[in-house]
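Presented below is the structure to which this report refers.
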Amino acid sequence: MIAVAGVALLLSGWLPPSCGADAVHGAPLDAALASAYDVAVKSGIFRCLDHSGPKLSISQVNDDFCDCADGSDEPGSPACAGTGVSFTCLNHGSWSAEVDLSQTLPTSRVRDDICDCCDGSDEADPHGAGGPCPNTCEQEVRSLLEERRQLRAAANAGWEAREGLVEKAKEYAAGSAERIRDREEAIARAEEDVKEAKAALAREIAAEEEEKQKLSAEDRNSGFEEALEALGIADASVGTVLERIIEVAETTGATTELEVLLEEAGVELPDPPRGSGDTIEQLSADDRVEALLKVEDLPTLQRMLVDLMLQADVVDDALAVLLRDEDARKKAAEVVNNLSIGDVEAHVRKEAEDARSLLKKLEREL
């Protein structure tokens, strides 16, 4: 396993024990473990790291015979493979302020004719003799440093690009927020304009409707006044209008219509008499006159006379035409001015004759 960094060790002046000529081949770099091998080199006596087995002479370390149960006496040979002991590649030539290529291997990979360590120490003689593997640590360090330089350059470029994108995103966000505010304000103004337009339209409609009603009322009043002029009763007295009402009712037979008009005017009529068959008969002429005398309001009497003449159909709908069209009102006025009681009587007689003829025809068919 390649361990990266060793800057602190170099700055402190510490070098791995195996760098010395008397170092134990393949011994670990861990300070606590390495000290046991250093003591053995100096004293000539080695104790297994797990304190198993007897004391060993330094010559029994890396002698291709496994004396310790934990294999700690054979860190530089494959003799204790499988015990968990590891071989440490010092990889001489790779130590720098930036890179540490030291690594550990299972001792089963020591002297297996495969170069695992860049300095070839895994295939070298544990007692100092050279091995078949060349030292490629310096080239590997240069290659690794160049790779790191390229990675740092790519990272810096990526960081700068990220910063640029962040700035653009901030500018876009600020612009988007401003655009959103502008659109919200525009929507609010449009809604207010619509609201004002609706209110103005409602006012215009109400004003038009009021004007129509006003004009309609003026037209009705104007038409009615002109009708009264045409009938010759605009300036007539109450007595004159009463006489005309009685005259129209009796000559046209519209007595029932007159009684209805009286009730609509709020006049309380006397109970009509009952005939021999207990049928209700019409009021007498005197009763109708007496009821009319209760109406003292001239405009009401005038309206009653006009309505009675319309219902009796004695003016050829002149009044209705008069209320609709100004030109027609003038023509209707001429018709009404030329209308006499004799004309009314002739009209009624004709209507009565037509009714009798129709009745005889029905009797024959039955």
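Once you have the Cα-Cα distance between ALA157 and VAL194, take 0.36 nm times their residue separation minus that, and quote the gain in nm to one decimal.
Values: separation 37, 0.36 × 37 = 13.32 nm, distance 5.41 nm.
Gain on extension, ALA157 to VAL194, equals 7.9 nm.
Going by average Cβ neighbours within 10 Å, how do the peptides 203-212, 300-309 rank, with the highest at the top?
Working: 203-212: 10.0, 300-309: 20.3.
Peptide ranking by packing, descending: 300-309, 203-212.
So, in nm, how far is label PHE65 from label ASP125 when the simple model puts each one 7 Å beyond its Cα toward the Cβ?
So the two model labels end up 2.0 nm from each other.
Ranked highest first by the average count of other Cβ atoms within 10 Å around their residues, in what order do 149-159, 104-114 fall? Don't skip to the end; give the middle numbers.
Numbers: 149-159: 10.0, 104-114: 16.6.
Taking the mean over residues of other Cβ atoms within 10 Å, the ranking is 104-114, 149-159.
At R0 = 30 Å, how high is the FRET efficiency between ASP235 and LEU293 if r is their beta carbon distance? Nearest 0.05 is fine.
Working from the Cβ atoms, E equals 0.90.
Can you compute the FRET efficiency between ILE246 and GLU209 using 1/(1 + (r/R0)^6), with r the Cβ-Cβ distance and R0 = 41 Å? Round to the nearest 0.05.
Numbers: r = 42 Å, r/R0 = 1.02.
E between ILE246 and GLU209, to the nearest 0.05, is 0.45.
Expected output is a single nm value to one decimal: the length gained when fully extending between GLU178 and VAL41, i.e. 0.36 nm times separation in residues minus the C-alpha distance. What is it? Intermediate results must be reported in sequence, preceding the final value.
Numbers: separation 137, 0.36 × 137 = 49.32 nm, distance 7.82 nm.
Value of the extension gain: 41.5 nm.
When the expected Rg is taken as 2.2 N^0.38 Å, what fraction or multiple of it is the alpha-carbon Rg of region 23-134? Walk me through the numbers on the way to the answer.
Details: Rg = 13.5 Å, N = 112, 2.2 N^0.38 = 13.2 Å.
The value comes to 1.02.
Using per-residue counts of other Cβ atoms within 10 Å, averaged over each peptide, order 292-299, 252-259 from highest down.
Going from most to least packed, we get 252-259, 292-299.
At 1.4 Å probe size, with every protein chain present, just tell me what the per residue accessible area of region 23-134 comes to in Å². Provide the component values of the computation, followed by the final result.
Numbers: 5000 Å² over 112 residues.
Per residue, region 23-134 has an accessible area of 45 Å².
The values are calculated or read from the model by the stated rules, or taken from the named source; none is laboratory data. Quantities reported herein were computed from a predicted structural model and do not represent experimental measurements. With ideal geometry, Cβ positions are generated from the backbone for all residues, glycine too; neighbour counts draw on all protein chains shown. Quick note on the areas: whole protein, heavy atoms, side chains included, nothing else; ligands and nucleic acids left out. Shrake-Rupley method; radii C 1.70, N 1.55, O 1.52, S 1.80 Å.
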